[in-house]
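For reference, the structure is listed below as structure tokens.
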Amino acid sequence: MTAQPIDILQRQVSGPVITPGSPDYDEARKVYNAMIDRRPAAIVQCADASDVAVVVRQAAETGLELAVRGGAHSVPGFGTADGALVADLSGLSSVTVDPSGRTARAGGGVTWGAFNEAAGAHGLATTGGIISTTGVGGLTLGGGIGYLSRGYGLSCDNLLSAEVVTADGKTVTANETEHPDLFWALRGGGGNFGVVTEFTFRVHPVAEIYGGPMFFELSDGPAVFAYFNEFIKTAPREYGGFPAFQIAPPLPFVPEDRVGEPFVAVVSCWTGSSADGEKILQGFRDVAMPVAEHVGPMPYAALNSAFDALVPPGLQHYWKAAFVGDLTDEAIQTHMEHGSRVPVVNSTVHLYPINGACHDVASDATAFGHRDATYAVVIAGMWPDPADNEANTQWVREYDAAIAPHSQGGGYINFASADDQSKVAANYGANYARLQEVKRSYDPGNLFHLNQNIRP
């Protein structure tokens, strides 16, 4: 990068501009997935939306690649690139809650942990992920699946308005009445259309929940999965849990002699009364006796951060995703064969239900194109040692190939890997053609292409 664009950035932005000669460059260029090791031309730690607009204009004018980094959790590492200008949004970290209006505004760099803390102080929440260090922005733009999806819809279903820096460097407001086509596309179309510097959400009365994890013997796994599959079809919307495969971590509630073994897990989140939650969760115990469980009342934010310690920054990541309608006996058997071989305690497989309130929204009302799916499956390969990359990546790929015949086609874009660009149309699903139209309107030159890319 020549000195002139750096000089322009340094003159025009109020946040720090970090370049390869800066002492904190190596720290600033790190992203969540340690498999990704890139050397951007400059990282601009944006202080506000005007800083973002300057970075966007500079990328457009110089032809440099533009990477946008919110929570930095992108498994493919889309928040960085060699020789790129990185718009780091971590400084856009304010959260403002209006308890009477039941809305909350969050900056583009806010994490779900910060959002939950601010909203939770008023006994409020909206659908977020299951790891609190995840960025609000990336999760929401891809759809936004979490514990509250069945009760309140996806994160994007709760988005009321967005402040967006578009490819021409202008800042616009997108909602149902202003730039409605852009607003439609932001709700499931990923980061293809601009940089969202502020989100306004609808929030709901969710304070204490009843739930937590239960670990079942692998031999009981088929029965647990089959029960869950029938239960979730008509389950009350207060229930937002999911079945999973998980190696037992060394926690006080896990018998010491079972730590390190793989289990079928059910992680539950019940937003109704604790008494009703106890009855609902007893249904799982009636199918099989848990080997270990840590279930009870807790703040919603505590459950939302319960798995953070298993996925610290700096792990190697390789993920695959699928959408599923029904868990047939054959599909369950396939999951048992591959899920039982989960390689390390950090890796996991989750089957998130996305029925309930998610199905109330018409398939063309937002860009999220898989409203007919019952589950969003993620095979989340995560491990600390790069020496295991080949073997563990192979486990993810073989698992993905095995469940493909039992899946609907396409997967949740927030779970897709860098080598999934050939699946982009299937991953965006039924609304892909309209997404291309909006892309042509707002980003005809494909400036925002470091993403699960919709080519104009």
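Some notes on this structure:
- Of all residues in the stretch 323-364, those that are within 17 Å of the chain's Cα centre (by Cα) and farther than 14 Å from A244 by Cα total 3.
- Some residue of the stretch 435-447 being under 15 Å from A367 (Cβ atoms) and under 19 Å from the mean Cα position of the chain (by Cα): no
- Listed by position, the helices (runs of 4 or more DSSP H) inside the stretch 1-73 whose residues that are within 13 Å of L89 (Cβ to Cβ), free of Cβ contacts under 8 Å to residues at least 60 places away in the same chain and not assigned by TED's automatic domain parsing to the domain that holds A162 number at least 2 are 49-62.
- Of all residue pairs spaced 6 or more apart or on separate chains, those with beta-carbon atoms under 8 Å, a first member in the stretch 106-120 that is among the acidic types (D, E) and a second member that is modelled with pLDDT of 95 or more and in a helix (DSSP H, G or I) are E117/A301.
- N158 being over 22 Å from the mean Cα position of the chain (by Cα) and over 30 Å from G63 (Cβ atoms): no
- Positions within the stretch 164-193 being surrounded by 22 or more Cβ atoms within 10 Å (Cβ to Cβ), in a strand (DSSP E or B) and either in contact with a helix residue (DSSP H, G or I) (Cβ under 6 Å, 6 or more places away or on another chain) or in contact (Cβ under 8 Å) with a residue 60 or more places away in the chain (or both), in sequence order: V165, A174
- Residues of the stretch 218-247 that are surrounded by fewer than 16 Cβ atoms within 10 Å (Cβ to Cβ) and not in a helix (DSSP H, G or I): P236 alone.
- Residue in the stretch 37-59 that is surrounded by the most Cβ atoms within 10 Å (Cβ to Cβ), counting only those that are among the acidic types (D, E) and over 20 Å from P23 (Cβ atoms): D51
- Of the residues examined, P243 is not one that is over 25 Å from the mean Cα position of the chain (by Cα), closer than 28 Å to V345 by Cα and modelled with pLDDT of 95 or more.
- Odd one out for T62 among (1) β-branched (V, I, T); (2) touching a Pro at 6+ places or on another chain (Cβ under 9 Å); (3) surrounded by 24 or more Cβ atoms within 10 Å (Cβ to Cβ): (3)
The values are calculated or read from the model by the stated rules, or taken from the named source; none is laboratory data. Here the structure is a predicted model, which means the values were calculated and not measured. Every residue, glycine among them, receives a Cβ derived from its backbone with ideal geometry; neighbour counts consider all protein chains shown.
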